[in-house]
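Each reported figure results from applying straightforward, stated rules to the coordinates on display, with no laboratory input. Every value quoted in this text rests on a predicted model; they were computed, and no experiment measured them. A quick note on method: Cβ atoms are made from the backbone with ideal geometry, for glycine too, and the neighbour counts reach across all protein chains shown.
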């Protein structure tokens, strides 16, 4: 987490917690990150020759459906020339919200595409393993050869064929010790 983004996300989270508007803020930050991430809009907001009043009107227009406090955050980011951290603020806020709700995020890589039924099973097993509800993102990584690799927070679950082959290679490369019991 970038320190500046984390501070903004923490402030937004505290406001949202106090006002019981966590879900509204999450949706507003999604909209804010999308709008400020748009190349054309970002170019206007970053243009030194554009008057600040035009930029603020642009924020009010583009983010008309967003809560006033979130629009104020967008204006603050424009004023401090920090619009590029909007998506990180959203991500940091989401991470805080997940922690608050006891949800862990998992990044799961499989060698080949998996169907929805298998995804559901993988998520259920990981959830049982870590003792938390899991929100998962699946990607494909043919380099793992088969199986899957899952990262949940700081935990790594490596059930890939590649790691098993590497482990077998290391085992076979070591001399085998034979121990004898008392005869």
Subject >> Cα-based helix-to-principal-axis angle, 68-79 vs the chain, degrees rounded to 10 >> reply: 90
**OP:** Arrange 28, 92 by Cβ neighbour counts within 10 Å, fewest through most, would you?
**Re:** 92, 28
**OP:** Mind giving me the nanometre distance, one decimal, between the label points for residue 133 and residue 79, set 7 Å out from Cα along Cα→Cβ?
**Re:** 3.7
Original post:
What percent antiparallel are the DSSP beta bridges of the chain, to the nearest 5?
Top reply: 60
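Add -39500 (n - 2.57) for each DSSP H run of 4 or more in the chain, then divide by its residues: what number comes out at 222 nm, to the nearest 500 deg cm²/dmol? Working shown, then result.
Working: 8 runs with 107 residues, N = 183.
It lands at -18500 deg cm²/dmol.
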Original post:
Quick one: helix 161-173 against the long Cα principal axis of the chain, what's the angle to the nearest 10°, folded into 0 to 90?
Top reply: 40
Original post:
What is the helix-to-structure angle for 86-101, meaning the angle in degrees between its Cα long axis and the longest Cα principal axis of the chain, kept from 0 to 90 and rounded to the nearest 10?
Top reply: 60
Original post:
Under the Kirkwood approximation applied to all pairs of distinct alpha-carbon atoms, what is the hydrodynamic radius of the range 1-73 in Å?
Top reply: 13.1
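Let me check I have the definition right: for the range 102-173, take the eigenvalues of the Cα gyration tensor, multiply each by 5, take square roots. What are those semi-axes in whole Å, largest first?
Values: eigenvalues 109, 42, 17 Å².
Each semi-axis is the square root of five times an eigenvalue, giving 23, 15, 9 Å.
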Original post:
Highest GNM mean-square fluctuation, the chain, Cα pairs closer than 10 Å: which of 16, 64, 104?
Top reply: 64
Original post:
Taking the DSSP beta bridges in the range 102-173 as the whole, what percent of them are antiparallel, to the nearest 5?
Top reply: 60
Original post:
For the chain, what is the largest minus smallest coordinate of the Cα atoms on each principal axis, given in angstrom and ordered from greatest to least?
Top reply: 91, 36, 33
**OP:** Can you work out the PRE-style zone for residue 19? Point 7 Å along Cα to Cβ, and I want the residues of the range 31-65 with backbone N under 15 Å.
**Re:** 32, 64-65
Original post:
Given labels modelled 7 Å from the Cα in the Cβ direction, how far is it in nm from residue 121 to residue 57?
Top reply: 6.0
Subject >> residue 68-residue 99 pseudo-label distance in nm [points 7 Å out on the Cα-to-Cβ vector] >> reply: 3.0
